[in-house]
1. Hey, can you tell me all the residues within region 32-53 that are modelled with pLDDT of 85 or more and out of contact with any helix residue (DSSP H, G or I) (no Cβ under 9 Å at 6 or more places or on another chain)?
2. Out of ILE19, ILE9, report the one residue that is within 29 Å of LEU106 (Cα to Cα), surrounded by 10 or more Cβ atoms within 10 Å (Cβ to Cβ) and free of Cβ contacts under 8 Å to residues at least 60 places away in the same chain.
3. I'd like to check something: does region 63-76 contain any residue that is part of a strand (DSSP E or B) and modelled with pLDDT under 85?
4. For region 53-62, which positions are part of a helix (DSSP H, G or I) and within 18 Å of GLY24 (Cα to Cα)?
5. Could you say whether any residue in region 26-48 is surrounded by 12 or more Cβ atoms within 10 Å (Cβ to Cβ) and assigned to a strand (DSSP E or B)?
6. Can you tell me which of (1) under 15 Å from the mean Cα position of the chain (by Cα); (2) part of a strand (DSSP E or B); (3) of a type in the set (Phe, Trp, Tyr) is the one TYR82 doesn't meet?
7. Pick out the one residue from SER104, SER89, SER64 that is of a type in the set (S, T, N, Q), in contact with a helix residue (DSSP H, G or I) (Cβ under 6 Å, 6 or more places away or on another chain) and either under 27 Å from PRO11 (Cα atoms) or not assigned by TED's automatic domain parsing to the domain that holds VAL18 (or both).
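The values are calculated or read from the model by the stated rules, or taken from the named source; none is laboratory data. Values in this document were obtained by computation on a predicted structure and should not be read as measured data. Using ideal geometry, Cβ is built from the backbone for each residue, glycine included, and neighbour counts are taken over all protein chains shown.
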Amino acid sequence: MKNTHFRYIKPGALLSFVIFLAIGLYLANQFLSSNFGLSLSVTAIITGLFLLIDRYLWKYKPFSWLYWVPDLSGRYEGHIKYSNPITTSQERKQCAVEVFQTGSKLKVSCFFRHEYRQETRSIQRSN
């Protein structure tokens, strides 16, 4: 199975971001531990920051340069052409597509207007 966790992230940008962040957090940790006796987990902070960026901040600058994908989130409306399996004719139906997106996930939901058609058929028997 292919690993797709970092499929949409630019590897060079991510590596430079993590190195810069790790050095900055290490220096902040040295300052806090010598002056205040506090110690921070650099790994936990980087993981938390990455989750925050991936979920909410990925589409805003300066974090958008970490990702390959454009922001496609939103609602799109239009028509779809399809072949009706009962009548075998080409028909159009109104539809809406909603796209929910994070930096690493994309969820697409499609909605159709539900039209109720009542068909009546009469069957006549001849004896």
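1. Within region 32-53, the first condition is being modelled with pLDDT of 85 or more, and the residues that meet it are 47-53.
THR47, GLY48, LEU51, LEU52, listed by residue number.
2. On the way: ILE9 fails: free of Cβ contacts under 8 Å to residues at least 60 places away in the same chain.
None of the other options fit; the residue is ILE19.
3. At the first step, the residues of region 63-76 found to be part of a strand (DSSP E or B) are 67, 74-76.
Now narrow it down to the ones that are modelled with pLDDT under 85: 67.
Yes, there is a match, as at least one residue in region 63-76 is part of a strand (DSSP E or B) and modelled with pLDDT under 85.
4. Of all residues in region 53-62, those part of a helix (DSSP H, G or I) come to 53-57.
Matches in region 53-62: ILE53 only.
5. Checked against the condition, which is being surrounded by 12 or more Cβ atoms within 10 Å (Cβ to Cβ) and assigned to a strand (DSSP E or B), region 26-48 yields no hits at all.
6. TYR82 satisfies every listed condition except (1).
7. Working: SER89 fails: in contact with a helix residue (DSSP H, G or I) (Cβ under 6 Å, 6 or more places away or on another chain); SER64 fails: in contact with a helix residue (DSSP H, G or I) (Cβ under 6 Å, 6 or more places away or on another chain).
Exactly one residue qualifies, and that residue is SER104.
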